[in-house]
Structures are given as C-alpha cells and as structure tokens.
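Visitor: Here it is, the structure, as structure tokens.
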Amino acid sequence: MNNPKLLWTLILLLLLALAGLVYKFFTGSVAPSEDGRTAVILDKAERDLVLGEMRQFLVSVQAVSQAITAGDRDSIAAEATRAGMAAEADTPAVLLAKIPLAMKQLGFGTRGKFDEIAAAAKSGEDMKQLRQRLDSLLGNCIACHAAFRLPEPRE
Ligand code: HEC
C-alpha cells in the first residue's frame, strides 16, 4: 500500500475503534435507574444467564455456611471451588463487555473470595476464621446489589 493518506485514515479508524473498545470496557452498557442504582442493560438471554448465576451464588453460600457449621473441610473446599473463578470460564466476552468495570471487579472479587475460602479450608484454617471469610464475601453481594440492577428488557 503506497497511498499514505489512505494508510493514515485506516490507522485513525483503527485507533477510534480501539478507543471505543477501551471506553466500553470501563463503562459497559448502562443507564440511570429511578431507584438511584445503575441499570445494566442486557438482552434477555444474558440477563437470564446472570440471574441464574446469582441463584447459584445463593445455593453456594448456603452450602459453604452449612459445611462450616458441620466443620467439614472437604465439603467447604468443594462447594467454594464450584463457585470460584473456574465458574467464569464460559462467560461470553460480549456479556462481559456490557458489564461496567466496577461491577466486574465486584463479581470477580466474589469468585476470588470463594477460591480463597477453598484454599484456606484445605490449609487447615479454623472454622471461625473460615466463617469470617464468608461474612466478608457476603459484603460483596450486598455492595453489588446496592449499586446495580438488571432491568427486564422490553419485549
Ligand atoms: C457483581 C455484582 C453482583 C454480585 C457480586 C452479586 N450479585 Fe446477586 N445480583 C446482581 C444484580 C445486578 C442482580 C439483579 C438485581 C436487580 O435487578 O434488582 C442480582 C440478583 C440476585 C438474585 C436474584 C436472582 C433472580 O433470579 O432474580 C439473587 C438470589 C442474588 N443476586 C444472590 C447473590 C448472592 C448470594 C451473592 C453473593 C454470593 C450475589 N448475588 C453477588 C449483582 C451481583
């Protein structure tokens, strides 16, 4: 290609596209919400996927809590690992791009805390400390629900 003008135009267009992607990574697909939270705008299938993960989160918290009460280290590690970062492997990139950075951080942070509970259970940490970790993890659930909502898409 020996047309410098065309080359510069192409470079400019690519830079603009890149800037758009970076912007999207930070802001996600959001709108203000009347209840003061930030509404994250997903399509129906994406919203169903996230809400399904949420219901699974609740199941995991209950299972880990019960295993701590029972003092069952293996079960704590297994249940916490199931809700850890590995569960994120199949999350579509398009969905991640729509989620604002602060929400991604809280979401991955929660997965990370589950993995830390699994590691701590395996390393022999006592049950009271493990419960304190679960208490702190629940702070993530509360913080995210206070800041974000997922409005139902209009049909
Ligand atoms: C990264 C943000 C985030 C984190 C962390 C998070 N949630 Fe959620 N959760 C949401 C959003 C957003 C909704 C939709 C709320 C709304 O639209 O009002 C939701 C909804 C839910 C629902 C309702 C599901 C349904 O079918 O309607 C449950 C249950 C739930 N979360 C449990 C949890 C539990 C338990 C945790 C912690 C282990 C947790 N969530 C952590 C963002 C989060």
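Visitor: Can you tell which of VAL50, VAL61 is part of a helix (DSSP H, G or I), touching a Cys at 6+ places or on another chain (Cβ under 8 Å) and touching a residue at least 12 places away in the same chain (Cβ under 8 Å)? Please lay out each step first, then the result.
Guide: Numbers: VAL50 fails: touching a Cys at 6+ places or on another chain (Cβ under 8 Å).
Going through VAL50, VAL61 in turn, just one is part of a helix (DSSP H, G or I), touching a Cys at 6+ places or on another chain (Cβ under 8 Å) and touching a residue at least 12 places away in the same chain (Cβ under 8 Å): VAL61.
Visitor: So which of ALA67, ALA97 is assigned to a helix (DSSP H, G or I) and either more than 16 Å from the ligand (Cβ to nearest atom) or at pLDDT 95 or above (or both)? Please lay out each step first, then the result.
Guide: Details: ALA97 fails: either more than 16 Å from the ligand (Cβ to nearest atom) or at pLDDT 95 or above (or both).
Selected residue: ALA67, the only one of ALA67, ALA97 that is assigned to a helix (DSSP H, G or I) and either more than 16 Å from the ligand (Cβ to nearest atom) or at pLDDT 95 or above (or both).
Visitor: When you scan the stretch 101-133, how many residues do you find that are more than 16 Å from the ligand (Cβ to nearest atom) and of a type in the set (A, V, I, L, M, F, W, C)?
Guide: 4
Residue-wise test of (1) in a helix (DSSP H, G or I); (2) closer than 14 Å to THR81 by Cα; (3) more than 12 Å from the chain's Cα centre (by Cα).
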{"residue": "GLY112", "(1), (2), (3)": "yes, yes, no"}
{"residue": "ILE117", "(1), (2), (3)": "yes, yes, yes"}
{"residue": "ALA121", "(1), (2), (3)": "yes, yes, yes"}
{"residue": "GLU125", "(1), (2), (3)": "no, no, yes"}
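Visitor: Next up: Look through LEU106, LEU42, LEU101, LEU51 and report the one residue that is over 30 Å from GLY124 (Cα atoms), surrounded by 16 or more Cβ atoms within 10 Å (Cβ to Cβ) and under 22 Å from the mean Cα position of the chain (by Cα). Working first, answer last.
Guide: Details: LEU106 fails: over 30 Å from GLY124 (Cα atoms); LEU101 fails: surrounded by 16 or more Cβ atoms within 10 Å (Cβ to Cβ); LEU51 fails: surrounded by 16 or more Cβ atoms within 10 Å (Cβ to Cβ).
LEU42 is the lone residue from the list that is over 30 Å from GLY124 (Cα atoms), surrounded by 16 or more Cβ atoms within 10 Å (Cβ to Cβ) and under 22 Å from the mean Cα position of the chain (by Cα).
The values are calculated or read from the model by the stated rules, or taken from the named source; none is laboratory data. Because the structure is a prediction, the values reported are computed rather than measured. Methodologically, a virtual Cβ is constructed for each residue, glycine included, from the backbone with ideal geometry; neighbour enumeration extends over all protein chains shown.
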